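The values are calculated or read from the model by the stated rules, or taken from the named source; none is laboratory data. Values in this document were obtained by computation on a predicted structure and should not be read as measured data. Glycine also receives a Cβ, built like all others from the backbone with ideal geometry; neighbour counts cover every protein chain displayed. Protein only, heavy atoms only, side chains kept; ligands, DNA and RNA dropped before computing areas. Shrake-Rupley method; radii C 1.70, N 1.55, O 1.52, S 1.80 Å.
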Amino acid sequence: MRFIKNAKQLLTQRTTNMAAKEFIVAIELGSSKITGIAGRKSMDGSIQVLAVVREDATSCIRKGVVYNIDKTCACLTNIINKLKAQLKAEILQVYVGVGGQSIRSIHNSIVRTLPEDTIISQGMINELMDNNRRTEYPDLEILEAVTQEYKVGALYQIDPVGVQSNKIEGNFLNIVCRKAFFHNLNKCFEKAKITIAEMYLAPVALAHSVLTEAEMRSGCLLVDLGADTTTVSLYYKNILRNMAVIPLGGNNITKDITTLLIEDSDAEEMKIKYATAFIEDNIMDTDETLPINSDRFVSAKAFNELVEARVNEIVQNVWFGQVPQEYNDKLMGGIILTGGGSQMNEIRKAFTAVTGIHKIRIAGTVNQKVSSTDKDVNVHDGMMNTALGLLAKGDMNCAGSIIKPVQDLFETEVRTSPTEEYYIRTENHKPDEAGRVESSYEKERRERVRQHEEKVIHYETRNSSEGGWFSRGYRSFQDFVTKIISAEEE
């Protein structure tokens with residue numbers, strides 16, 4: 001028995017050590033909390049969650065946007081320390097999800113006129129993409145540029161390389177956010193001394209984990225009903241067509257309930273217990289009451305009217321504010337709801353009443369197979385989907401050296417810095433990887449390469465002209481050499 005017990009302990013210790021040597025860490029800055037998650041991915045895409053940590057961020061993040069750098073830095077530091085304690089290992093780098101109220105999409109077109117009968121090359125396409133990336137928006141930062149299609153002549157094509165035309169128009173969807181907000185986000189991680197492996201647009205990471213390929217291809221609307229914000233993403237023919245973050249969420253419903261002279265905590269609890277997004281007029285009981293506590297009651301009619309009015313406002317903003325009219329009849333994949341608000345009673349009916357769409361699915365969890373002992377992951381209420389989506393995006397090991405309870409004074413742990421590996425990795429990454437946000441290093445490097453190329457082109461153009469100083473000098477040198485050779489021959 002003692003041998004079996006020791007063997008079990010050894011096996012557990014070995015399993016723990018293996019977990020500490022290889023894992024991925026992702027951090028989601030939500031609308032009201034920050035979530036840190038660590039896990040492992042298998043070859044089949046399944047995810048094993050090793051640790052989950054949450055920090056209340058209401059004092060430093062509003063609607064997903066950092067407004068207090070010091071407090072956000074403290075929250076991030078707490079999350080990393082708690083994850084390290086659970087994983088028993090250092091964390092070298094993390095994946096980060098970028099979201100929040102300032103995220104929105106802007107359509108942009110770049111037109112280039114070509115000589116007659118020009119065959120379009122990949123270089124021309126790259127030039128259009130670069131020109132779009134250099135588009136300046138006052139006080140806005142381009143996080144990602146999504147190619148919609150190219151108009152060649154009168155036809156729209158996804159890949160126009162090899163087509164003959166004298167004009168090409170590139171249509172792009174630029175995902176932007178406020179420069180100050182993006183700077184603050186990076187500043188928080190820099191101040192907390194947390195290395196960012198890669199940044200991803202949180203809504204895109206979410207979409208790739210909860211939507212099916214058929215839904216994205218045939219057209220669908222993904223609505224993430226969060227605490228302070230509602231994020232809307234529209235896909236058609238596997239391409240992101242529109243994205244926006246509405247500054248309305250579940251907390252607005254809670255605040256409305258407090259107008260019935262109910263404390264915030266009681267209002268939140270009543271919302272979870274009794275809130276219904278849509279009620280038929282003919283089945284509402286006007287005499288029904290709902291208990292606030294053992295001593296107080298509130299009219300169910302007044303309660304439901306408040307909830308229904310706010311939900312209707314959110315749905316109206318989603319459908320009429322963020323769905324371009326040309327896609328109203330193209331959403332064959334339907335509407336997919338996720339996030340904490342998707343669990344509200346009759347939420348499907350609320351969306352159907354406004355949109356007329358009956359094909360509505362609630363995504364309580366991600367498409368990947370997930371194994372975890374964390375109750376919030378296993379409850380499948382949609383609130384962990386973005387964090388799991390970011391974890392699924394990760395493909396670089398985030399583990400550092402193992403943390404030992406008692407360290408030998410003469411033993412040193414070698415901690416490898418991820419900086420060099422990270423920069424090599426980002427340079428080799430596909431620039432059009434869905435949802436990936438360029439780091440400051442990559443943007444600076446891309447701009448330096450562009451400026452260098454412009455200088456080379458300018459230099460070659462100038463010196464190839466007849467009157468260029470280089471050409472004149474070179475011709476003088478040629479004449480001098482010719483004279484010497486001629487003199488020697490004589």
Is the stretch 297-310 home to any residue that is open to solvent by 80 Å² or more (accessible area, probe 1.4 Å), out of contact with any helix residue (DSSP H, G or I) (no Cβ under 7 Å at 6 or more places or on another chain), of a type in the set (Gly, Ala, Ser) and not in a helix (DSSP H, G or I)?
no
Take residue 40 and decide whether it is in a strand (DSSP E or B), open to solvent by 20 Å² or more (accessible area, probe 1.4 Å), of a type outside the set (Phe, Trp, Tyr) and in contact (Cβ under 8 Å) with a residue 40 or more places away in the chain.
no
If you check residue 282 against the conditions, is it at pLDDT 95 or above, within 18 Å of residue 349 (Cα to Cα) and open to solvent by 50 Å² or more (accessible area, probe 1.4 Å)?
no
Criterion first (open to solvent by 10 Å² or more (accessible area, probe 1.4 Å), touching a residue at least 24 places away in the same chain (Cβ under 8 Å) and not in a loop (DSSP other than H, G, I, E, B)) does residue 151 satisfy it?
no
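Collect the residues in the stretch 367-387 that are in contact with a helix residue (DSSP H, G or I) (Cβ under 8 Å, 6 or more places away or on another chain) and under 17 Å from residue 231 (Cα atoms), keeping them in residue-number order.
The answer is 381, 382, 383, 384, 385, 386.
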Within the stretch 341-366, restricting attention to residues that are assigned to a helix (DSSP H, G or I) and out of contact with any helix residue (DSSP H, G or I) (no Cβ under 6 Å at 6 or more places or on another chain), which residue is surrounded by the fewest Cβ atoms within 10 Å (Cβ to Cβ)?
353
State yes or no: is residue 106 surrounded by fewer than 19 Cβ atoms within 10 Å (Cβ to Cβ), touching a residue at least 40 places away in the same chain (Cβ under 8 Å) and in a helix (DSSP H, G or I)?
no
Of all residues in the stretch 52-98 being within 19 Å of the chain's Cα centre (by Cα) and charged (D, E, K, R), the one that is modelled with the highest pLDDT:
54
Checking the structure you have, find out if any residue of the stretch 218-226 is under 30 Å from residue 145 (Cα atoms), part of a helix (DSSP H, G or I) and touching a residue at least 40 places away in the same chain (Cβ under 8 Å).
yes
Please pick out the residue among 335, 314 that is out of contact with any Asp or Glu (no Cβ under 7 Å at 6 or more places or on another chain), in a helix (DSSP H, G or I) and either of a type in the set (A, V, I, L, M, F, W, C) or exposed (fewer than 12 other Cβ atoms within 10 Å of the Cβ) (or both).
314
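What residue, of 114, 128, 143, is outside any strand (DSSP E or B), at negative phi and open to solvent by less than 20 Å² (accessible area, probe 1.4 Å)?
Just one listed residue meets the conditions, 128.
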Of 234, 260, which residue is open to solvent by 10 Å² or more (accessible area, probe 1.4 Å) and not in a helix (DSSP H, G or I)?
260
Only residues that are assigned to a loop (DSSP other than H, G, I, E, B) and of a type outside the set (S, T, N, Q): list them for the stretch 43-67, please.
43, 44, 45, 57, 60, 63, 64, 67
Under 7 Å between Cβ atoms, which residue pairs at least 6 apart in sequence (or on different chains) link something in the stretch 282-297 that is more than 15 Å from residue 263 (Cα to Cα) with a partner that is of a type in the set (Val, Ile, Thr) and at pLDDT 90 or above?
289/298
Restricting attention to the stretch 181-211, which residues are out of contact with any strand residue (DSSP E or B) (no Cβ under 9 Å at 6 or more places or on another chain), touching a residue at least 60 places away in the same chain (Cβ under 8 Å) and open to solvent by 40 Å² or more (accessible area, probe 1.4 Å)?
191, 208
Identify the residue in the stretch 154-170 that is assigned to a strand (DSSP E or B) and in contact with a helix residue (DSSP H, G or I) (Cβ under 9 Å, 6 or more places away or on another chain) and, among all such residues, is nearest to residue 134 (Cα to Cα).
170
Which of (1) more than 29 Å from residue 195 (Cβ to Cβ); (2) open to solvent by 40 Å² or more (accessible area, probe 1.4 Å) does residue 86 not meet, given it meets every other one?
(1)
Filtering the stretch 372-396 down to residues that are at pLDDT below 95 and touching a Pro at 6+ places or on another chain (Cβ under 9 Å) yields 396
Checking residue 247 against (1) under 30 Å from residue 94 (Cα atoms); (2) open to solvent by 10 Å² or more (accessible area, probe 1.4 Å); (3) touching a helix residue (DSSP H, G or I) at 6+ places or on another chain (Cβ under 8 Å), the condition it does not meet
(3)
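Residues checked against (1) closer than 23 Å to residue 242 by Cβ; (2) modelled with pLDDT of 95 or more; (3) hydroxyl-bearing (Ser, Thr, Tyr); (4) touching a strand residue (DSSP E or B) at 6+ places or on another chain (Cβ under 6 Å):
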| site | (1), (2), (3), (4) |
| --- | --- |
| 133 | yes, no, no, yes |
| 138 | yes, no, no, no |
| 150 | yes, yes, yes, yes |
| 179 | yes, no, no, yes |
Hey, can you tell me all the residues within the stretch 152-177 that are modelled with pLDDT of 95 or more and acidic (Asp, Glu)?
169
